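Here the structure is laid out as structure tokens; the discussion comes afterwards.
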Amino acid sequence: MLINPKNIAPPPYADGMWHWRRHFISVAQIRDRRDLDEDLFPLAHHLEHMVHNEGASQLLVGKCLYDLFYEPSTRTMSSFAIAMKRMGGMVESISNVQFSSVAKGESLEDTIRTLACYSDVIVLRQKEEGVAKKAAEASPVPVINAGDGKGEHPTQAVLDLFTIYRELKRIDGLTVTMVGDLKHGRTVHSLSRLLCLYDGIQLNLVSPPELRMPDKLVSELRGHGLEPRIHDRLEEVVPESDALYVTRVQLERIPQDQRPATIPYIVTPATMAMAKPRGEMILMHPLPRDSQDGNPEISVEVDADPRAAYFRQCEYGMYARMAILSRMLRAD
Ligand code: NCD
């Protein structure tokens, strides 16, 4: 096999795990908060200015990104694609896998090795936890985990933290409250792990008992110095929260007979009335919110509240992904 001359990532860490600039599979690969505070965040912020003032940058001219999505996506797939194009790169995608050779029984490894012949980075979303790592092992070009079942979603965690940094100007010392389906939601799994890199974080976990964050992950967080507080009631923790991070019940990962009858928590203007003022508090959501029965977990009346940061979060996501791509595909 040809060695990809564009593989410029730093060597693996001492324990053999890939550096996140080689393949980005888990937030555990970010070992040093300076990679965020002194590198990705300032770069993302700089790229944000560039997009606003000049429209684009030329950092990735000639590079090609392949979006390979085995699960639905709006934000992740399109923000990666447009991030790449805004830096002068090219994008190709398969999101309808029944029209790819997967429908003929091709293995994920063979699919990945094929797409790696055409592209410089593969962004993969898959239904099963752990599959992104398997794909990376088979891939001569960097693989980015864009969600592996209920496992991880590392670039979402980076963009979530970038959102907090942009909106509240700091991360150390904040109280972050995660609400909703903490059992199956991969975004909260990645974000809570990434918060371990910061000092003085108070993490509140609000969910019904059947949707609690897995014990194994809670112990892992404790091992890294976070002391999550588990709650049933949202009202108890809204007043102290600096970032309120709401998630959707991941119905697609829950058997029909175990699904909650109603959405367990709904953030309304009355909830926001209990929260800290503008400038001190933000309401986040990785989106999509589930509007199917007309009662999403954040009611639409909240959208006009200046503390509602979820659509700004989408935009920050594009800048964060521009920064991640440029660090994975360029030597500087
Ligand atoms: C999330 C995901 O796919 O995990 N969406 C996203 O990437 N912004 C959240 C979700 O689907 O609930």
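The values are calculated or read from the model by the stated rules, or taken from the named source; none is laboratory data. All of these numbers come straight from a predicted model, not from anything done at the bench. We place every Cβ from the backbone using ideal geometry, glycine too, and count neighbours over all the protein chains shown. Ligands, DNA and RNA are stripped out before the accessible areas are found, and what is left, the full protein with its side chains, is counted by its heavy atoms. Shrake-Rupley method; radii C 1.70, N 1.55, O 1.52, S 1.80 Å.
The criterion of being surrounded by 14 or more Cβ atoms within 10 Å (Cβ to Cβ), among the hydrophobic types (A, V, I, L, M, F, W, C), within 16 Å of the ligand (Cβ to nearest atom) and farther than 23 Å from Ser207 by Cα holds for Ala320. Restricting segment 239-258 to residues that are within 11 Å of the ligand (Cβ to nearest atom) and of a type in the set (A, V, I, L, M) leaves a set whose member that is nearest to the chain's Cα centre (by Cα) is Val246. Looking only at residues of segment 124-135 that are among the basic types (Lys, Arg) and surrounded by fewer than 22 Cβ atoms within 10 Å (Cβ to Cβ), we find that the one that is farthest from Arg186 (Cα to Cα) is Lys134. For segment 95-115, the candidate set comprises residues that are out of contact with any Phe, Trp or Tyr (no Cβ under 8 Å at 6 or more places or on another chain) and among the small types (Gly, Ala, Ser); within that set, the residue that is farthest from the ligand (Cβ to nearest atom) is Gly105. Checking the stated criteria, Asp15 turns out not to satisfy the condition of being under 21 Å from Leu191 (Cβ atoms) and either assigned to a strand (DSSP E or B) or open to solvent by 30 Å² or more (accessible area, probe 1.4 Å) (or both). All of Asp199, Asp215 fail the test of being open to solvent by 50 Å² or more (accessible area, probe 1.4 Å) and over 19 Å from Arg31 (Cα atoms), apart from Asp215. Does Arg193 meet the test of being assigned by TED's automatic domain parsing to the domain that holds Pro306, open to solvent by less than 70 Å² (accessible area, probe 1.4 Å) and touching a Lys or Arg at 6+ places or on another chain (Cβ under 8 Å)? It is false that Arg193 is assigned by TED's automatic domain parsing to the domain that holds Pro306, open to solvent by less than 70 Å² (accessible area, probe 1.4 Å) and touching a Lys or Arg at 6+ places or on another chain (Cβ under 8 Å). Exactly one residue among Ala138, Ala103 is open to solvent by 10 Å² or more (accessible area, probe 1.4 Å), in contact with an Asp or Glu (Cβ under 8 Å, 6 or more places away or on another chain) and either at pLDDT below 95 or over 30 Å from Pro255 (Cα atoms) (or both), and that residue is Ala138. Filtering segment 283-302 to residues that are outside any loop (DSSP other than H, G, I, E, B) and more than 13 Å from the ligand (Cβ to nearest atom) leaves Leu283, Val300, Glu301, Val302. Picking from residues in segment 259-276 that are away from the ligand (no atom under 16 Å from the Cβ), open to solvent by 70 Å² or more (accessible area, probe 1.4 Å) and assigned to a loop (DSSP other than H, G, I, E, B), the one that is nearest to Leu161 (Cα to Cα) is Met274. For Glu280, the test of being closer than 21 Å to His45 by Cα, among the charged types (D, E, K, R) and within 13 Å of the ligand (Cβ to nearest atom) is failed. Only residues that are closer than 30 Å to Leu251 by Cα, buried (at least 21 other Cβ atoms within 10 Å of the Cβ) and more than 15 Å from the ligand (Cβ to nearest atom) were counted across segment 66-94, and they come to 1. The condition of being over 23 Å from Asp172 (Cβ atoms), within 16 Å of the ligand (Cβ to nearest atom) and among the aliphatic types (A, V, I, L, M) does not hold for Leu329. Taking the criterion of being in contact with a helix residue (DSSP H, G or I) (Cβ under 8 Å, 6 or more places away or on another chain) and either under 26 Å from Glu315 (Cα atoms) or among the basic types (Lys, Arg) (or both), the residues of segment 250-270 that qualify are Arg259, Val267, Thr268, Pro269.
Every listed requirement among (1) open to solvent by 30 Å² or more (accessible area, probe 1.4 Å); (2) closer than 16 Å to Ser326 by Cα; (3) at pLDDT below 95 is met by Ser57 save one, (1).
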